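**Student:** So that we are looking at the same thing, I have put the structure below in structure tokens.
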Amino acid sequence: QVQLVESGGGLVQAGGSLRLSCAASTRTSSIYALGWFRQALGKGREFVAAIPWTGRATYYATSVKGRFTITRDNAKNTVYLQMNSLKPEDTAVYYCAAVRSIPDTYYYAGAYDYWGQGTQVTVSS
């Protein structure tokens with residue numbers, strides 16, 4: 001079982017930047033990839049970005065591509081989401097997730113096995 005702890009959420013002005021962090025437990029051998037999802041008020045959980053634990057592949061939702069960047073630090077068992085040019089529509093609770101084996105799709109929340117507690121991101125105009 002993997003434990004995920006998120007941090008970095010907060011309030012930011014439109015056009016600003018924010019970096020989210022997700023620290024995983026030391027049992028990272030059980031992780032194939034890490035991802036970020038978000039859930040706005042009254043909406044379902046939406047895919048944001050994902051990154052396998054090895055290699056250079058990254059995956060992004062079209063709504064954030066070019067503005068958000070997902071990275072990892074394997075030595076720190078941590079994945080980051082750098083969010084630039086933030087918009088009010090980015091406001092949501094952001095969740096870190098991990099999948100223990102290669103998924104059929106990175107875009108489906110049900111494919112992930114472990115979840116963090118979520119961190120609130122609010123973008124004001």
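The values are calculated or read from the model by the stated rules, or taken from the named source; none is laboratory data. Bear in mind the structure is a predicted one, so any value in this text is a computation, not a measurement. In this analysis, Cβ positions are derived from the backbone assuming ideal geometry, glycine residues included, and neighbour counts consider all displayed protein chains. When the accessible area is computed, the model is the full protein with side chains, heavy atoms only, and any ligands, DNA or RNA have been set aside. Shrake-Rupley method; radii C 1.70, N 1.55, O 1.52, S 1.80 Å.
**Student:** Would it be correct to say that Thr71 is modelled with pLDDT of 95 or more and within 19 Å of Val12 (Cα to Cα)?
**Tutor:** Here the answer is no, as Thr71 does not meet what is asked.
**Student:** For the range 59-71, check the following and say yes or no: at least one residue is touching a residue at least 60 places away in the same chain (Cβ under 8 Å) and within 14 Å of the chain's Cα centre (by Cα).
**Tutor:** Scanning the range 59-71, I find no residue that is touching a residue at least 60 places away in the same chain (Cβ under 8 Å) and within 14 Å of the chain's Cα centre (by Cα), so the answer is no.
**Student:** Now a separate question. Restricting attention to the range 59-76, report how many residues are open to solvent by 40 Å² or more (accessible area, probe 1.4 Å) and over 18 Å from Thr105 (Cα atoms).
**Tutor:** Residues that pass the stated criteria total 8.
**Student:** How many residues are out of contact with any strand residue (DSSP E or B) (no Cβ under 7 Å at 6 or more places or on another chain) and open to solvent by 30 Å² or more (accessible area, probe 1.4 Å) if we restrict to the range 4-24?
**Tutor:** 1
**Student:** Ok, one more. Can you list residue pairs whose Cβ atoms sit under 8 Å apart, with the first residue in the range 1-21 being closer than 15 Å to Ser85 by Cβ and modelled with pLDDT of 95 or more and the second being outside any strand (DSSP E or B) and basic (Lys, Arg)? Count only pairs 6 or more apart in sequence or on different chains.
**Tutor:** Filtered contacts from the range 1-21: Ala14/Lys87.
**Student:** OK, next. Which residues, taken from the range 100-113, are at pLDDT below 95 and either hydrophobic (A, V, I, L, M, F, W, C) or outside any loop (DSSP other than H, G, I, E, B) (or both)?
**Tutor:** Ile102
**Student:** Sticking with this structure for a sec: Report whether or not Lys87 is in contact (Cβ under 8 Å) with a residue 40 or more places away in the chain, among the basic types (Lys, Arg), more than 13 Å from Thr119 (Cβ to Cβ) and out of contact with any helix residue (DSSP H, G or I) (no Cβ under 8 Å at 6 or more places or on another chain).
**Tutor:** yes
**Student:** Follow-up. Pick from the range 1-33 the residues that are in a loop (DSSP other than H, G, I, E, B) and of a type in the set (A, V, I, L, M): which of them is farthest from Asn74 (Cα to Cα)?
**Tutor:** Ala14
**Student:** Related question: Considering only residues that are open to solvent by 30 Å² or more (accessible area, probe 1.4 Å) and of a type in the set (Gly, Ala, Ser), which ones fall in the range 41-58?
**Tutor:** Answer for the range 41-58, where residues must be open to solvent by 30 Å² or more (accessible area, probe 1.4 Å) and of a type in the set (Gly, Ala, Ser): Gly42, Gly44, Gly55, Ala57.
**Student:** Any residue that is under 15 Å from the mean Cα position of the chain (by Cα) and among the acidic types (Asp, Glu) - is there at least one of those in the range 91-110?
**Tutor:** No, there is no match, as no residue in the range 91-110 is under 15 Å from the mean Cα position of the chain (by Cα) and among the acidic types (Asp, Glu).
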